[in-house]
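Just so it is clear, none of the values below were taken in a lab; they were calculated from the coordinates. These numbers were taken from a predicted model, which means no experiment stands behind them. In this analysis, Cβ positions are derived from the backbone assuming ideal geometry, glycine residues included, and neighbour counts consider all displayed protein chains.
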Amino acid sequence: MRLELLLLIIFIWDGYFFLRYLLGLLKEYKTVSWKPKVSVIIPAYNEEENIKKAIKAALSQDYPVEEVIVVDDGSEDGTYEKAKEVKDERVKVIRIEHKGKAGAINEGLKLAKGEVIVVTDADSFMSRDAVRRLVERFHSEDVVAVGGQIRVIVDSFLAFIQDIEHLRIAMYRRAKELEDLTLAPGPLSAFRREALERIGGFVNSLVEDYATTKALKKFGKVVYSPKAKLFTRMPLTLGELWRQRRRWFLGDLSHVDAKDIIMLILGDIIAFLDIFLPVIFIKYGAFALLLLFILFEILTMLVPVIFEGGSITEALLFPIALMFLASFYLSLHIYGYAVTLKNKISQLFS
């Protein structure tokens, strides 16, 4: 009976978001028809292999982009030269001393003419309708920013796992954050220029996207546009992935409030159950419960895969990916909590 109760907890948690996702698919979200001038800013650091594709994706939008501003953030390779090779009067390329992503975006903002500023990463490329889909979600004057859907360029098995992760994130955002997005993602988001100017531009932080989103939400709404898609490169090794997500998580912890902490801890409890319940089912021969767990997780992934543009393989392998992601993030979060607690204790006694 205890095993069934633990499985029920997972069903309730995942089922809540899955049901909200289904309801979100059944109703249209708010959009508006308007034609603001749009500037695309692409901050770039050592991206000579990817920058031209990012620029061309911005220029090829089915929405009339006013300008594409590439900010070479003190690159040590040929990023600047490669960007200059793109011959289009809308492209502006500048080179600055290395300031980090927030600083590079703010330098681009000084030159931008658009009412709406789209920020995208140099190692990524937008789908052809991404800008249009972002713009149409500024459905009221109080919408100050719109975040797009991030997908992963699958060039390794680890990248494949991360694309599954981002499909799950897409499900969560459509289920719960359509009109109140927690994070306008750094690889693809759009902002009212006046709103960015009101907060002094992008916030300089380890997690500039999260910090900027938090600052903007004091003055208006940040919403999600599930049809605005961008494909990005992600770490190819576990070491790179750990270092990236460690930076993100430690940065996030410096900006979270009590509500965020509660949700993080609840998520960690579910991650613990995702890891150990299948092992316990096998140990005690509860194979019917194990099969039920696997089928439930596949089902809750299959629908997002169909509607968000994934592959059936991603849904079928989701239970395996879930074990890896739950183990990875639970370890990362324990590490992050310990480091943050240690730093706070050190501050108290310093």
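With R₀ fixed at 51 Å, the C-beta to C-beta distance from residue 56 to residue 23 puts the FRET efficiency at about 0.85. Taken about its Cα centre, the chain carries a charge dipole of about 580 debye when Lys and Arg each add +1 at the Cβ and Asp and Glu each add -1 at the Cβ.
Dividing the Cα radius of gyration of the range 10-77 by 2.2 N^0.38 Å, with N the residue count, gives 1.78.
Can you tell me what share of the DSSP beta bridges in the chain is antiparallel? A percent to the nearest 5 is fine.
In the chain, DSSP labels about 30 percent of beta bridges as antiparallel.
Rounded to 0.05, the FRET efficiency of the residue 344 and residue 219 pair, given R0 = 22 Å and the Cβ-Cβ distance, is 0.15.
Among 63, 275, 33, which residue has its Cα furthest toward the positive end of the charge dipole of the chain, with +1 on Lys/Arg Cβ and -1 on Asp/Glu Cβ? Comparing the listed Cα positions along the dipole, 33 ranks first. For a straight C-alpha distance cut-off of 21 angstrom, the lysines reachable from residue 217 (same-chain residues fewer than eight places away being disregarded) are 30, 101, 176, 259. Shape verdict for the range 1-143, please, from the Cα gyration tensor: rounded (a/c under 1.5), prolate (a/b greater than b/c) or oblate. The shape class here is prolate. Annotation note: GluC sites (Glu not before Pro) in the range 119-182 located in DSSP loop regions with a Cβ neighbour count of at most 12 within 10 Å are 141.
FRET efficiency for the pair residue 244 and residue 13, taken as 1/(1 + (r/R0)^6) with r the Cβ-Cβ distance and R0 = 35 Å, rounds to 0.85.
Show that you can apply the helix-only estimate: for the chain, add -39,500 (n - 2.57) for every DSSP H stretch of four or more residues, divide by all residues, and state [θ] at 222 nm to the nearest 500.
-18000 deg cm²/dmol
Report, in whole Å, the centroid distance computed from the Cα atoms of the range 265-328 and the range 81-141. Between the Cα centres of the range 265-328 and the range 81-141 lies a distance of 38 Å. Based on the alpha-carbon gyration tensor of the range 228-335 and its eigenvalue square roots a ≥ b ≥ c, which shape applies: rounded if a/c is under 1.5, prolate if not and a/b is larger than b/c, or oblate? Cα axes put the range 228-335 in the oblate bin.
Principal semi-axes of the equivalent ellipsoid, √(5λ) from the alpha carbon gyration tensor of the range 31-234, are 23, 20, 16 Å from largest down. Between 0 and 90 degrees, the angle of helix 238-253 with respect to the longest Cα principal axis of the chain falls at about 80 degrees.
Translational diffusion of the chain, estimated by Stokes-Einstein from the Kirkwood radius over alpha carbon pairs at 25 °C in a medium of 0.890 mPa s, is 115 µm² per second.
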